[in-house]
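Data block below; observations after.
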Amino acid sequence: MMGFSTWDILRDLILATRWTLLLSLGAFLGGFVVGLIVLFLCVQHRVYIAHLARGYIELFQSTPLLMQLFLAFFTPALFGFNVPAWVAAWMALTLWTSAFLADIWRGCAEALPPGQWEAGASLGLSYVELMRYIILPQALRIATAPTVGFMVQVIKGTALTSIIGFVELSKAGTAITNATFEPFTVYGLVALIYFALCFPIAMGSRWLERRLNAAHLAH
Amino acid sequence: MPLISLTNLHKSYGQNEVLKGISLDIEPGEVIALIGKSGSGKSTLLRCINGLESFQEGSILVAGTSVMDSPNQLRLLRQKIGMIFQQFNLFPHLTVGRNVMLAPTVVKKTRQGEAEALAREMLDRVGLEQKFDAYPGQLSGGQQQRVAIARALAMQPLALLCDEITSALDPELVNEVLAVVRDLARQGMTLVMVTHEMRFAREVCHRLVFMHQGRLHESGPPEQVFNAPTTAELQQFLGMQ
Amino acid sequence: MVYHFEFGALIPYIPVILHGVLITVELTLFGTVLGIIVSILCAWARSGGPLWLRVPVGTYVELIRNTPFIIQLFFIFFGLPSVGVHLNAIDASILAMVINLGAYGTEIVRAGITATPRGQREAGASLGLSGPQIFRHIVLVPALSRIWPALSGQVVIVMLGSAVCSQISVQELTYAASFIQSRSFRAFEAYFVVTALYLILALLLRQILRLGGKRIFPGGKAR
Ligand SMILES: Nc1ncnc2c1ncn2[C@@H]1O[C@H](COP(=O)(O)OP(=O)(O)OP(=O)(O)O)[C@@H](O)[C@H]1O
Ligand SMILES: [Mg+2]
């Protein structure tokens with residue numbers, strides 16, 4: 001049997017980590033764009049569209065990400081397409097991310113005191129102007145930290161894509177475990193790598209929250 | 001022997017010296033009003049007596065024991081001195097009855113049945129026996145404050161400290177709370193109250209203490225303080241009222 | 001090409017699915033109850049506990065919140081036996097869920113504790129209650145009622161996360177779907193139905209937690 005040192009294991013894991021990062025970034029960007037659309041639909045005046053958008057958010061928040069991945073993987077096959085695992089993973093994570101981001105942003109918009117909407121409206125601003133000059137600047141400030149923080153959830157979410165066969169950090173961990181029979185070391189290292197990716201982002205998000213809230217209070 | 005005895009009390013928040021050497025003796029059964037401008041240190045003084053604030057210099061003796069001895073001493077002392085707050089501070093998750101019963105059962109280990117009887121008696125004293133099973137959120141401000149008084153009384157304290165207990169109330173609710181305090185005073189309870197209700201202070205208090213910039217500036221029986229204030233600061237303060 | 005849906009193909013597997021629902025409910029029940037207890041203990045340690053407890057609890061919270069649940073599960077199920085801790089799949093799953101919910105719950109409960117108005121503690125102190133007595137009788141329940149919605153949301157997340165336990169062969173709901181798919185090759189139908197069941201479970205769980213909250217915290221809105 002080949003001997004694996006801890007360093008060999010770590011090297012292989014770190015190599016696999018790029019796919020985790022790439023998928024996370026792709027899903028975050030995709031989710032950001034789709035999330036904006038969902039948010040826009042959510043705050044529509046036409047009630048049925050807003051309801052539909054809220055249903056979308058609810059649906060993705062109330063079913064397991066793993067199921068969403070399975071469905072993204074198996075549904076295209078019904079129509080004769082066989083999508084590679086990475087495409088299914090990216091699609092599912094994008095939709096999942098979009099639902100959560102849209103919900104975060106909607107919460108931020110609603111967190112503004114209702115007086116802001118009324119004050120703006122009483123100045124005779126149109127809906128778009130109201131959004132552009134009054135709501136968005138304030139909402140963006142409170143939305144930044146939780147949006148950055150959600151990146152942590154996306155990175156952790158990518159771990160599930162190993163189950164539908166995408167080879168990233170978790171999948172590499174399982175493969176190496178099967179070769180080395182050292183699950184304690186391997187999964188311990190995998191966890192530490194995830195931690196090294198996520199913790200700085202979580203700290204950054206908290207830092208942003210403190211900074212932006214402090215700026216908010218100073219005004 | 002005085003019930004509460006303050007000697008040369010000094011208290012600072014950082015650089016800001018809030019109490020600058022306060023000495024005051026309070027006899028059992030005495031009813032005292034602390035008056036003075038906002039920021040003169042009235043609340044701080046009351047909170048020191050109850051050990052809610054620490055202080056740098058001087059001493060506070062309550063019935064012979066010192067406030068700052070040890071956490072256990074402090075807890076014993078707090079059982080002897082009740083405090084009523086401006087914001088009532090009822091416990092929102094407990095019914096009125098449970099609010100009153102909490103300290104007797106938890107601190108004094110009084111049995112449930114006994115504590116309940118005690119709670120009903122105290123609530124009766126403030127005229128709220130019928131609210132035993134209500135939650136604080138279902139009461140008016142005046143009723144909440146009366147419950148807070150009953151809660152403090154249930155520990156059978158030697159003295160009550162009241163910090164502007166009617167300031168958070170709508171004007172029409174003030175009198176029901178003052179009526180309770182008046183009764184307590186008549187029954188011989190030792191009371192130290194911070195108040196802006198000058199007419200009430202004049203009516204029930206034995207002694208008024210005027211605080212100014214962290215010092216006891218002038219004190220005396222109500223007639224003297226109101227009719228013949230000696231210092232310019234007190235004259236000015238009374239003129240503002 | 002037109003695909004013919006055949007949900008009828010799932011009928012023979014109804015017992016498998018029901019068993020899966022049962023196991024998922026069981027995992028969630030134990031995970032939730034124990035997880036909330038861990039949350040409360042750790043939140044106390046982090047907000048009022050001794051220093052030597054705050055640091056390890058803080059490390060625990062950050063470690064768990066910044067690593068995927070599936071890795072935590074694999075570490076417990078596959079990794080721990082090599083240091084002599086053997087757990088069956090169900091116990092490993094429950095442990096992982098408790099640890100996971102405990103970490104998130106700690107931060108949630110702590111936020112509720114921190115939001116306690118100062119006057120509440122002072123009122124307790126002025127009545128002669130000790131620090132631990134104030135926490136237990138005065139701070140804790142209003143704190144929990146304050147954060148109950150957030151805690152409920154986290155419980156739902158943990159329930160949905162338990163889908164991953166199928167990967168260590170716990171025969172819960174997701175396992176049932178995979179089982180049916182491997183037997184009947186009706187992957188879409190199996191996953192679709194099971195996803196719908198998760199949706200129903202999530203909605204039910206939210207409802208139960210909401211009503212439960214109303215019963216446990218009757219005093220109305222805590223300030
Ligand atoms: N926690 C605190 N930290 C710092 N300074 C404080 C604190 N509490 C009170 N002070 C300061 O101590 C001084 C006295 O405050 P205190 O509350 O005792 O006044 P007061 O006489 O009760 O006034 P009021 O009539 O407004 O209640 C004030 O200058 C106040 O700013
Ligand atoms: Mg004051």
Heavy-atom accessible area, 1.4 Å probe, ligands and nucleic acids excluded: residues of the stretch C:181-223 down by at least 50 Å² from chain alone: C:Phe188, C:Tyr191, C:Thr195, C:Leu199, C:Gly219
Helix C:140-161 axis, angle to chain C major axis (alpha carbon atoms, nearest 10°): 20
Rounded to the nearest 5, the percent of antiparallel DSSP beta bridges in the stretch B:11-167 equals 55
Looking at the stretch A:148-180, residues buried by 30 Å² or more relative to their chain on its own, accessible surface at probe 1.4 Å, turn out to be A:Lys156, A:Leu160, A:Ile163
Heavy-atom accessible area per residue - the protein assembly as shown, 1.4 Å, Å²: 46
Quickly work out the A:Glu58-to-A:Arg211 label distance, labels modelled 7 Å from Cα along the C-beta direction, and quote it in nm with one decimal. 3.8
Apply the membrane-span-like helix rule to chain A: whole DSSP H runs, Cα extent along the own long axis of at least 18 Å, mean Kyte-Doolittle hydropathy at least 0.0. List the helices found. A:6-42, A:47-61, A:65-78, A:85-111, A:136-158, A:183-218
Let me see the P(r) profile for the protein assembly as shown: every Cα-Cα distance counted, bins of 10 Å, each bin given as a percent of all pairs. 3, 12, 19, 19, 16, 13, 10, 6, 2, 0, 0
With a Förster distance of 51 angstrom and the Cβ-Cβ distance between A:Asp8 and B:Ser59, calculated FRET efficiency to the nearest 0.05 equals 0.10
Based on Cα coordinates alone, diagonalise the gyration tensor for the stretch B:1-76, multiply each eigenvalue by 5, take square roots, and list the semi-axes in whole Å, largest first. 19, 16, 10
Which value results for Rg/Rh of the stretch B:82-241 when Rg is the Cα radius of gyration and Rh the Kirkwood radius based on the inverse mean 1/r? 1.03
iface C-A | buried accessible area, total | probe 1.4 Å | Å², round 100 | 3200
Inverse mean reciprocal Cα-Cα distance (Kirkwood Rh) of the stretch A:6-218, Å: 19.2
Kirkwood Rh in Å, taken over all unlike Cα pairs in chain C: 19.4
Lysine pair count for chain B [Cα-Cα under 20 Å; pairs on different chains or 8 or more apart]: 7
Please give the charge dipole size of the protein assembly as shown, origin at the Cα centre, charges +1 on K and R Cβ atoms and -1 on D and E Cβ atoms. Round to the nearest 20 debye. 120
Which FRET efficiency value, to the nearest 0.05, do you get for C:Leu211 and B:Lys20 by plugging their Cβ-Cβ distance into 1/(1 + (r/R0)^6) with R0 = 51 Å? 0.35
Using only alpha-carbon positions, what ratio does the radius of gyration of the stretch C:1-118 give when scaled by 2.2 N^0.38 Å? 1.44
Can you compute 3J(HN,Hα) from phi for each residue in the stretch B:56-66, using the Karplus curve 6.51 cos²θ - 1.76 cosθ + 1.60 with θ = phi - 60°, rounded to whole Hz and x for Gly and Pro? 8, 9, x, 9, 10, 10, 10, 6, x, 9, 8
The percentage of the accessible area of the protein assembly as shown (probe 1.4 Å, all protein chains present) made up of carbon and sulfur atoms, to the nearest whole number, is 63
Which FRET efficiency, nearest 0.05, do C:Phe5 and C:Leu203 yield, Cβ-Cβ r, R0 30 Å? 0.80
Angle between the Cα long axis of helix B:141-153 and the longest principal axis of chain B, 0 to 90 degrees, nearest 10? 90
Please list, in chain and number order, the residues 5+ apart from B:Val194 or on another chain whose amide H is under 5 Å from its amide H, with Hs placed from the backbone. B:Leu34, B:Cys162, B:Asp163, B:Glu164
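The values are calculated or read from the model by the stated rules, or taken from the named source; none is laboratory data. Just so it is clear, the structure is predicted and the values come from calculations on it, not from any experiment. All Cβ positions, glycine included, derive from the backbone under ideal geometry; neighbour counts span all protein chains shown. The accessibility values were calculated without ligands, DNA or RNA, using every heavy atom of the protein model including side chains. Shrake-Rupley method; radii C 1.70, N 1.55, O 1.52, S 1.80 Å.
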